Amino acid sequence: MQAQRSTAIKKWHIVLLAAILSILFVLGGYLYYRYQEEDIRRHNHRMLSSIGEMKANQLAYWYEDEIYDASVFSRNPLFARFIEEWLRSGSIADRTNLIDLLDVTADSHSYENILITDPHGELLLSFIPEIVAIDSIVVTTVRRAVNEREIISTDLYKSP
């Protein structure tokens, strides 16, 4: 009877020990999973923050570069001369020379289009011939830039 009792106790101890170890193993796995999950979240957050900051810096650089380009173009005597000659003569040859100059500028700066307006915002020339009018946002910005005699951005917007 003693032998059965000691064997029964040993089996019970083994079962209890196995249950405790199983619970500890499952709890350890769960805690490790939660730690890894949080670590991955932190890593992804840092990565997304870095990407966002990099993109914001790229956008700021692009914007500054565009403002600089506008400043250079607005003070370029060659542009002014070609525009003045075309406006004075109205000739197709002068218009072609101006468009050739705009073509080189558009290619070198990856511009889709270049517009030339009068001081009131009326479109005089578009690098893309299909564009025959400009929207009110551009007209308002041109008038404001002429009045304030400085470069003003329309900011980013979807053109109608």
- [ ] Report the far tail of the P(r) of segment 21-100, meaning the percent of Cα-Cα pairs longer than 20 Å.
- [x] 67
Task: Value of [θ]222 nm, deg cm²/dmol, for the chain, DSSP H segments ≥ 4, -39500 (n - 2.57) each, nearest 500 - done: -26500 deg cm²/dmol
Open item on the list: Name the residue from I67, I134, G90 whose Cα lies farthest towards the positive end of the charge dipole of segment 64-136, charges +1 on Cβ of Lys and Arg and -1 on Cβ of Asp and Glu.
Closed with: G90
Task: Intensity falloff of segment 10-153 expressed as log10 I(q)/I(0), Debye formula with alpha-carbon point scatterers, at q = 0.10, 0.14, 0.21 Å⁻¹ - done: -0.56, -0.82, -1.36
Task: Cα-centre dipole for segment 29-116 with unit charges at Cβ (Lys and Arg positive, Asp and Glu negative), debye to 20 - done: 360
Open item on the list: If amide hydrogens are placed 1.01 Å from N in the peptide plane, which non-local residues have theirs closer than 5 Å to the one on I134?
Closed with: L123
Open item on the list: Which one, I131, I14, I92, has the greatest fluctuation when you compute a Gaussian network model over the chain with C-alpha springs under 10 angstrom?
Closed with: I14
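Bear in mind that the values in this text are calculations on the coordinates, not laboratory data. Quick caveat, the model's predicted, so the values are computed rather than measured. Positions of Cβ are backbone-derived with ideal geometry, glycine not excepted, and every protein chain shown enters the neighbour counts.
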